[in-house]
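What follows is one structure encoded as structure tokens, with my remarks underneath.
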Amino acid sequence: MATYTLPELPYDYAALEPVINPQIIELHHDKHHAAYVKGANDTLEQLAEARDKEAWGAINGLQKNLAFHLSGHILHSIYWHNMTGDGGGEPLAADGVGDLADAITESFGTFAGFKSQLTKAAATTQGSGWGVLAYEPVSGRLIVEQVYDHQGNVGQGSTPILVFDAWEHAFYLQYKNQKVDFIDAMWAVVNWQDVAKRYAAAKERADVLLLAP
């Protein structure tokens with residue numbers, strides 16, 4: 001029985017228009033995300049076979065594949081819920097997300113400064129990758145991470161709460177090679193309610209995730 005399964009989208013394919021067209025959402029979820037789920041499950045089976053046979057010649061490649069596919073599955077699962085057709089703007093206390101708004105100001109100075117940093121991090125990722133807002137439990141602050149592929153260049157123990165997919169499959173059919181235009185447009189569909197819930201959950205369990213002096 002598969003360990004990982006493809007989650008259903010929380011909206012229909014057309015829900016994020018005009019920022020992301022339905023064809024992209026369908027292909028991105030049903031093909032690309034599904035491939036990461038299959039890849040993670042297949043790699044777990046291959047690792048089980050390696051253990052049974054004590055055959056470790058491919059261990060480095062298998063561990064890399066597991067990190068790649070599993071991280072792809074996790075980041076995409078966050079990505080779908082980070083967006084909504086009636087999102088955008090910035091987090092405000094009046095909308096019930098004041099704690100998140102305060103944390104962004106405390107960690108980055110201003111919302112505008114945070115928005116600029118995350119936009120640049122996502123748009124300038126070398127090759128394929130992500131721009132990520134994460135909760136870092138040692139300092140208790142928010143940080144921006146620039147994730148290569150799905151799993152590289154991240155702080156250990158940090159919890160992603162807002163992710164911008166900067167892989168070409170996320171935008172090329174609509175935005176061609178203009179990645180920065182896609183990232184700029186993404187701000188209009190950010191689901192701050194979802195981000196705020198993830199921030200609150202990350203804070204609540206920070207002391208059990210990481211032991212630090």
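For K197, which lysines qualify as cross-link partners when the Cα separation must be under 25 Å and same-chain residues fewer than eight apart are set aside?
K115, K120
Considering only L62, L75, L118, give the residue with the highest GNM mean-square fluctuation for the chain, with springs between Cα atoms whenever their separation is below 10 Å.
Per the Cα network of the chain with a 10 Å cutoff, L62 tops the list.
Name the residue, out of H73, H28, H150, whose mean-square fluctuation peaks in a Gaussian network model built on the chain with Cα pairs under 10 Å.
Among H73, H28, H150, the largest GNM mean-square fluctuation belongs to H28.
For the chain, what is the charge dipole size about the Cα centre, in debye to the nearest 20, if Lys and Arg each add +1 at the Cβ and Asp and Glu each add -1 at the Cβ?
Rounded to the nearest 20 debye, it is 440 debye.
Using a 1.4 angstrom probe, figure out how much accessible area the chain has per residue, in square angstrom, rounded to the nearest whole.
Value returned for the chain: 51 Å² of accessible area per residue.
Provide the net charge surrounding G87, with neighbours chosen by a C-beta distance below 15 Å and charges set as Lys +1, Arg +1, Asp -1, Glu -1.
-3
From the convex hull of the Cα coordinates of the range 90-213, what is the mean projected area in square nanometres?
7.7 nm²
Tell me which aspartates and glutamates have Cα within less than 14 Å of K64's Cα, excluding those fewer than 8 residues away on the same chain?
Cross-link targets: D42, D149.
Provide the FRET efficiency to the nearest 0.05 for the V138-T105 pair, computing r from the beta carbons and using R0 = 22 Å.
Approximately 0.65, to the nearest 0.05.
Measuring from label point to label point, each 7 Å out along Cα→Cβ, what is the E168 to I59 span in nm?
Result for the modelled spin labels: 3.6 nm.
Of N60, F164, A185, whose Cα points farthest to the positive end of the dipole of the chain (charges on the beta-carbon: +1 Lys, Arg; -1 Asp, Glu; origin at the Cα centre)?
With unit charges placed on the Cβ atoms, the residue in question is N60.
Could you give the dipole magnitude of the range 1-109 about its Cα centre, charging the beta-carbon of Lys and Arg +1 and that of Asp and Glu -1, in debye to the nearest 20?
It comes to approximately 600 debye.
Report the residue, chosen from Y172, Y148, Y79, that carries the largest GNM mean-square fluctuation when the chain is represented by alpha-carbon nodes joined by springs under 10 Å.
Y172
What number, rounded to the nearest 500 deg cm²/dmol, is the helix-based mean residue ellipticity at 222 nm of the chain, given -39500 (n - 2.57) per DSSP H run of at least four residues and division by all its residues?
The helix-only estimate for the chain comes to -14500 deg cm²/dmol at 222 nm.
Which option, (1) 43, 37, 34; (2) 47, 41, 35; (3) 59, 48, 31, is the value of Cα extents along the principal axes in Å that was calculated from these coordinates?
(3)
Counting Lys and Arg as +1 and Asp and Glu as -1, what is the net charge of the other residues whose Cβ lies under 15 Å from the Cβ of A58?
-2
Roughly how many percent of the accessible protein surface of the range 5-129 is carbon and sulfur, given a 1.4 Å probe and a whole-percent answer?
Carbon with sulfur: 51 percent of the solvent-accessible area.
The values are calculated or read from the model by the stated rules, or taken from the named source; none is laboratory data. The shown structure was predicted, so the numbers you read here are calculated from the model rather than taken from an experiment. Positions of Cβ are generated from backbone atoms using ideal geometry, with glycine treated the same way; all protein chains shown enter the neighbour counts. Calculation scope for accessible area: heavy atoms of the full protein, side chains included, ligands and nucleic acids excluded. Shrake-Rupley method; radii C 1.70, N 1.55, O 1.52, S 1.80 Å.
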